[in-house]
Every structure is written in C-alpha cells, then in structure tokens.
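So the structure is just underneath, and the comments pick up after that.
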Amino acid sequence: MIEILSSTELPRARQAGALVAGILQTLKGRCRVGVNLLDIDRWAQDLIAEAGALSCYVDYEPPFGRGPFGHYICTSVNDAVLHGLPHDYPLADGDLLSLDLAVSYGGIVADSAISFLVGERQPAGSLALIEATERALSAGIAAARPGARIGDISAAIGSVLDAAGYSVNTEFGGHGVGSTMHQDPHVPNTGRPGRGYRLRPGLLLALEPWVMADTAELVTDADGWTLRSATGCRTAHSEHTVAITDDGAEILTVPG
Ligand code: MG
C-alpha cells in the first residue's frame, strides 16, 4: 500500500521527523567509550516516552526477524549493519556505531539512521564508509521530486556507492512511510533511472543507503535479528525520511 499525506498531515510528519532526529543526536552525544548498547536502548525508551511518541520497534514482528524485536532502537556495531539488536556490549574506542530509530508521533512515522565513530580512534576506511553512505543519501534525496520515479532515486544512490567502490546489496533498502513504518514503494539502493513508481507530492519515503566495505553478502546473527557482513568487514548506514513536495523533497528527520 502507498499512502499519500494530506497537507494537514505534513506538519505532523515534520514533528515526528524532528523528534527522531533530536533523539538520535542526543544519543550520539552520549555514546562514549564504555557505554553499553543496553544503556542506549534504555535512553531511547525514555526519550520516546518523554516526547509522547510510540516506538515502532518494540513489538515489531516482520517476516525478516525473529520477532518481536523487544527493544527501542537498532544498535549495529562494526560488522553489524542493519537491525542490530541491542545486547550487553560496552562500546570500545574506534567502534563504528549505527543507530536506527523509528517512532510514531501523532499517527505519523519518521525513520532515520546515523553512523559514527565512538571515541578517538579512526580505524582505516571507517570514515570513508560513513561518508559514502551520506553522499549516496544526499544524491538520492536530490533525485526525489514530483514526476521522478523510484528508479531515479535508486540509480542516484547506487552510482555514488558504485563510484566509491562498494558493491550494493538489494535485499534491504528504503521504503514508503506513513501511518506505519514499512510501506510500499520499496526503494532499492541501486537501479535504473526512469523505472518504477512515479513520485507524487505527499509521499513520504525513508531513503537508506548502507554499505559493507568488501562484500555485498549478509549473514544473520544468532540473535535472529542483527544482520552482519559475511566477511566481518565494517559497515555503515545513513537514513532520512523525506516528504515529496511540489518542487522537490523536504528532509523531515532534521532536529527542530
Ligand atoms: Mg530506519
């Protein structure tokens, strides 16, 4: 199902987006060496509750996970890239941490992910991975406008990742957002321009390029949720929720 927001719903989507972005920045500020992934999860739970929002994750039970998820945020460290189930792990200097958060506020969902290094160490290639996902995300957003097609976004994202030397996995990608978190249309992180659903004002999309340094193959962790690179290499993930407007795309997941 594809939902199109009305003009009266867009302000609520902006509020949801600002909330998600604010929580992610707060959590990033607390992610020092020694902080446990379970601390981050508890902080996320508290911040979501304080904001009067609802977690999209805690009871989520999709076909691709061993559900229900049971936590409030995805914490993916180093070789973990998507759906990282928070567990008892204290962050170490140089860890590459991805936080992925979706909440519902006023009946509208916003979904965003950030990747960053913890502490002082900058292990080789880690910043390049993060920057590639951020540039790919920017390219995808720039390609999102009314009349363009999903394939235009996919091609824009994929061309940045390809030029940066990463092979792209298409098992998981971006998605429509609205009253629920995962909706149509699917937005693969590579594709051909001019193909797929034609974008319309009022459509919300979560665009989310993610990469693994030297492979496109995922493996599922024994926890049934966390997806890791098959080679153990480092990974990164960047995501924004955007609204298609009359003349382009507005990024909703920016701090208010
Ligand atoms: Mg997300």
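Between the stretch 139-191 and the stretch 113-134, the C-alpha centres lie 21 angstrom from each other.
Just to confirm, what accessible area per residue do you get for the chain at 1.4 Å probe, in whole Å²?
Working: 10360 Å² over 256 residues.
On a per-residue basis, 40 Å².
Largest accessible area first, the listed residues Met212, Met1 line up as Met1, Met212 when surface is computed with a 1.4 Å probe on the assembled protein chains. FRET efficiency for the Arg30 to Phe64 pair, using the beta carbon distance and R₀ = 41 Å, is estimated at 0.90.
Local charge for Val160 was computed over the other residues whose Cβ lies under 13 Å away, with Lys and Arg +1 and Asp and Glu -1, and equals -2. Please report the carbon-and-sulfur percent of the accessible area for the chain; probe 1.4 Å, protein heavy atoms only, DNA, RNA and ligands left out. C and S atoms contribute 50 percent here.
If DNA, RNA and ligands are ignored and the probe is 1.4 Å, what is the ranking of Arg145, Arg234 by accessible area, most exposed first?
Values: Arg145 115, Arg234 50 Å².
The most accessible residue leads, giving Arg145, Arg234.
Listed values for the stretch 121-126 are Karplus-derived 3J(HN,Hα) couplings in whole Hz (6.51 cos²θ - 1.76 cosθ + 1.60, θ = phi - 60°), namely 5, 10, x, 3, x, 5, and x replaces Gly and Pro. For the chain, averaging the sequence separation of C-alpha pairs within contact (under 8 Å, six or more residues apart) and dividing by the residue count gives a relative contact order of 25 percent.
The values are calculated or read from the model by the stated rules, or taken from the named source; none is laboratory data. All values reported here derive from a predicted model rather than from experimental measurement. In this analysis, Cβ positions are derived from the backbone assuming ideal geometry, glycine residues included, and neighbour counts consider all displayed protein chains. The area values use the complete protein model at the heavy-atom level, side chains included, leaving out ligands, DNA and RNA. Shrake-Rupley method; radii C 1.70, N 1.55, O 1.52, S 1.80 Å.
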